[in-house]
1. If you scan region 64-102, which residues turn out to be in contact (Cβ under 8 Å) with a residue 40 or more places away in the chain, surrounded by 18 or more Cβ atoms within 10 Å (Cβ to Cβ) and either polar (S, T, N, Q) or in a helix (DSSP H, G or I) (or both)?
2. Mind checking whether some residue in region 131-150 is within 16 Å of TYR81 (Cα to Cα) and in contact with a strand residue (DSSP E or B) (Cβ under 8 Å, 6 or more places away or on another chain)?
3. Looking at region 30-63, which of the residues that are of a type in the set (Val, Ile, Thr) and in contact with a Lys or Arg (Cβ under 8 Å, 6 or more places away or on another chain) is surrounded by the most Cβ atoms within 10 Å (Cβ to Cβ)?
4. Out of region 43-53, which residues are farther than 16 Å from GLN15 by Cβ, in contact (Cβ under 8 Å) with a residue 24 or more places away in the chain and touching a strand residue (DSSP E or B) at 6+ places or on another chain (Cβ under 6 Å)?
5. Output the strands (runs of 3 or more DSSP E) that fall wholly within region 115-189 and possess 1 or more residues being modelled with pLDDT under 85 and not acidic (Asp, Glu), or say none.
6. In region 77-101, how many are at negative phi and in contact with a Lys or Arg (Cβ under 9 Å, 6 or more places away or on another chain)?
7. Limited to region 12-29, what total is found for residues that are out of contact with any Gly (no Cβ under 9 Å at 6 or more places or on another chain), surrounded by fewer than 16 Cβ atoms within 10 Å (Cβ to Cβ) and in contact (Cβ under 8 Å) with a residue 24 or more places away in the chain?
8. What tally of residues in region 1-32 results from selecting those that are more than 21 Å from PRO121 (Cα to Cα) and hydrophobic (A, V, I, L, M, F, W, C)?
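The values are calculated or read from the model by the stated rules, or taken from the named source; none is laboratory data. Please read these numbers as outputs of a predicted model, since none were measured by experiment. Methodologically, a virtual Cβ is constructed for each residue, glycine included, from the backbone with ideal geometry; neighbour enumeration extends over all protein chains shown.
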Amino acid sequence: MLIPATQLRVGMIVQHQNDLWRVMNVVHVTPGNWRGMVQTKLRNLRSGTQTEYRFRSEDKAERVTFEQHEMEFLYESDGQYHFMNTENFEQMALEPDILGDAVKFLVPNSRIQVEFHEGKPMGVSLPKTIDLKIVETAPGLKSATVTNVLKRATTETGLVVQVPNFIGEGDVIRVDTETGEYVSRAKGE
């Protein structure tokens, strides 16, 4: 479906120069007495390379829609990430380059959306936040009573996050999957 370049948003998939690209960044630019432009950063879904492209505001882009299936992460073995389709229970292995940064958030039994184009997996969509267990962090300082004191903590997936001083080893925290930042302590923990 053709859409105006001014309607491009982060996360959309477009067909551009005979290839599939994910929109990573969009900035609308209106310099002085020139016509408006849409400056984008695009990532090639096949090769993983990134490029910047400037669309004129009157240009159109071909938006590509994917078929999405909910998959449950099972385990990682020999650099392959194994998932099970929750609808038909078929299992498949995905390469790390398809998963991208999502590997930092995958724990066994977590569910994600895998995007397919013409039957081939092209990428994944994570939930906005995910709960991860802290496996290593420095003990909290008793003298640090200021609320914005942060320390480094390593999660069960190896992701390093800045967390508040009161978070300790074994705590479960909620992490934003877009930024990789601490959001809150997980409820019920």
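1. Once the filter is applied, which keeps residues that are in contact (Cβ under 8 Å) with a residue 40 or more places away in the chain, surrounded by 18 or more Cβ atoms within 10 Å (Cβ to Cβ) and either polar (S, T, N, Q) or in a helix (DSSP H, G or I) (or both), region 64-102 yields only ALA102.
2. Within region 131-150, none of the residues are within 16 Å of TYR81 (Cα to Cα) and in contact with a strand residue (DSSP E or B) (Cβ under 8 Å, 6 or more places away or on another chain).
3. THR40
4. Answer for region 43-53, where residues must be farther than 16 Å from GLN15 by Cβ, in contact (Cβ under 8 Å) with a residue 24 or more places away in the chain and touching a strand residue (DSSP E or B) at 6+ places or on another chain (Cβ under 6 Å): just GLN50.
5. Qualifying strands (runs of 3 or more DSSP E): 120-125.
6. 1
7. Residues that pass the stated criteria total 2.
8. Qualifying residue count, region 1-32: 7.
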